[in-house]
Amino acid sequence: MAARHFLKFSALQADEARRIVARAIELKTARPEHRPLLGRTLAMIFAKSSTRTRVSFEVGMSKLGGHALMLATAQTQLGREEPLSDTAKVLSRMCDAIMIRNDSQADQEELAHHSRVPVINGLSELHHPCQLLADVQTWFEHRGDPRGKVAVWVGDGNNVCNSWIEAAKLFGFTLRAATPHQYRPAAEVLKFAGKSVELIDDPAKAAAGADLVVTDTWTSMGREAERAERMQILAPFQVNRKLMSLAAKDAIFMHCLPAHREEEVTAEVIDGPQSVVFDEAENRLWAQMALLEFLLVP
């Protein structure tokens with residue numbers, strides 16, 4: 001049977017996404033002492049730096065009885081231009097799953113095409129689906145089922161934004177994307193989401209009555225040369241006290257971290273009572289564990 005990959009959020013069916021999130025909440029709450037991945041190994045390919053992705057996968061595999069192997073591309077034959085197809089064929093004969101964090105969705109798809117085992121997107125330039133499992137889990141924990149509710153994305157229509165849009169379709173909420181025209185979300189993602197996403201130029205209009213407000217850094221990894229231009233264009237899209245006051249009274253704030261206080265979000269908001277960013281960060285662990293079970297345990 002062909003391996004099941006997780007390269008973008010829409011790789012899941014709606015019922016599967018809900019099942020994984022429910023399992024993540026169960027694992028976090030009950031913390032069962034079971035080891036379904038005993039003897040299993042996850043190869044983790046990192047072309048980009050990481051804190052939450054690396055730690056959550058390593059700790060998650062350990063808690064499930066398995067082992068995670070860190071592979072920095074510069075220290076492997078990938079750094080000497082070995083074809084991805086060859087790497088996939090070798091790793092999938094030795095390991096039970098592969099996680100890759102890089103800047104190319106196309107490379108991830110090629111890796112998956114040649115792999116016998118599941119390939120997981122730990123971040124690409126187009127998607128960050130593992131982050132969204134944790135984000136939706138956090139929303140469930142703090143405010144219940146997001147079905148029929150409204151989330152607002154403010155800022156750069158980046159990889160995390162794309163995954164939020166796909167999650168909106170699967171979980172039945174509306175995602176209002178308040179982004180500059182220069183930094184719209186990916187066209188194919190907008191097409192997938194259909195009426196689940198609304199593009200709004202004005203952040204204040206987008207935030208009105210919203211149940212959740214979320215943002216991310218204005219300068220993603222690999223975009224550092226554009227920093228000055230991005231800072232200028234995105235300045236009106238800062239999440240601050242005034243913007244949060246337009247959302248629902250019980251609205252929560254999310255950010256996948258790392259954050260740049262006083263840029264995309266003020267310290268008053270991210271360190272304030274509406275912020276759930278550290279619950280969100282912790283949930284990367286439980287969501288990753290639930291995902292690994294889903295992909296590897298029959």
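Values quoted throughout were computed directly from the atomic coordinates according to the rules given, and no laboratory measurement underlies them. As the structure is a prediction and not an experimental result, all values here were calculated from the model. Every residue, glycine among them, receives a Cβ derived from its backbone with ideal geometry; neighbour counts consider all protein chains shown.
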Note, segment 131-146: 3J(HN,Hα) by Karplus (6.51, -1.76, 1.60, θ = phi - 60°), whole Hz, Gly/Pro = x, goes 4, 6, 4, 5, 5, 5, 4, 5, 4, 4, 5, 8, 9, x, 4, x
In the structure shown, do any of Lys8/Lys195; Lys8/Lys48; Lys8/Lys191; Lys63/Lys89; Lys149/Lys195; Lys8/Lys169 have a Cα-Cα gap over 21 Å, and if so which?
Lys63/Lys89
For segment 173-190, 3J(HN,Hα) per residue [Karplus equation, 6.51 cos²θ - 1.76 cosθ + 1.60, θ = phi - 60°, Hz, x = Gly/Pro]
10, 9, 10, 8, 9, 9, 9, x, 4, 5, 10, 5, x, 5, 4, 5, 6, 4
Determine the shape class of segment 1-146: with a ≥ b ≥ c the square roots of the Cα gyration tensor eigenvalues, call it rounded for a/c under 1.5, and otherwise prolate if a/b is greater than b/c, oblate otherwise.
prolate
Give the relative contact order (percent, whole number) for the chain; include only Cα pairs under 8 Å separated by 6+ residues.
21
Cβ-derived FRET efficiency at R0 51 Å, Lys249 paired with Ala74, nearest 0.05:
0.55
Cβ density ranking, 10 Å radius, fewest first, applied to Ser92, Ser115 yields Ser92, Ser115
Can you list the aspartates and glutamates whose alpha carbon sits under 13 Å from that of Lys28, skipping same-chain ones fewer than 8 residues off?
Glu141, Asp279, Glu280, Glu282
Which of Pro258, Pro146, Pro118 ends up with the largest GNM mean-square fluctuation for the chain, with Cα atoms connected below 10 Å?
Pro258
With springs only between Cα atoms under 10 Å, which of Thr76, Thr266, Thr53 fluctuates most in a Gaussian network model of the chain?
Thr76
Label-point separation (nm) for Glu188 and Arg241, each offset 7 Å from Cα along Cα-to-Cβ?
4.4
Compute the separation of the alpha-carbon centres of segment 141-209 and segment 1-68 and state it in Å as a whole number.
25
Can you list the lysines whose alpha carbon sits under 19 Å from that of Lys242, skipping same-chain ones fewer than 8 residues off?
Lys205
Please say if segment 29-78 is rounded, prolate or oblate, where rounded means a/c under 1.5 for a ≥ b ≥ c the square roots of the C-alpha gyration tensor eigenvalues, and otherwise the choice is prolate for a/b larger than b/c and oblate otherwise?
oblate
Running a GNM on the chain with Cα contacts under 10 Å, which residue among Arg284, Arg19, Arg31 ends up with the highest mean-square fluctuation?
Arg31
Would you compute the Debye intensity of segment 131-280 from its alpha-carbon atoms alone, equal scatterers and no solvent, and pass along log10 I(q)/I(0) at q = 0.20 Å⁻¹ to two decimals?
-1.29
Step through the residues of segment 232-247 one at a time and calculate ³J(HN,Hα) from phi using the Karplus curve (6.51 cos²θ - 1.76 cosθ + 1.60, θ = phi - 60°), rounding each to whole Hz and writing x for Gly and Pro.
6, 5, 8, 3, x, 9, 5, 8, 9, 4, 4, 5, 5, 5, 7, 6
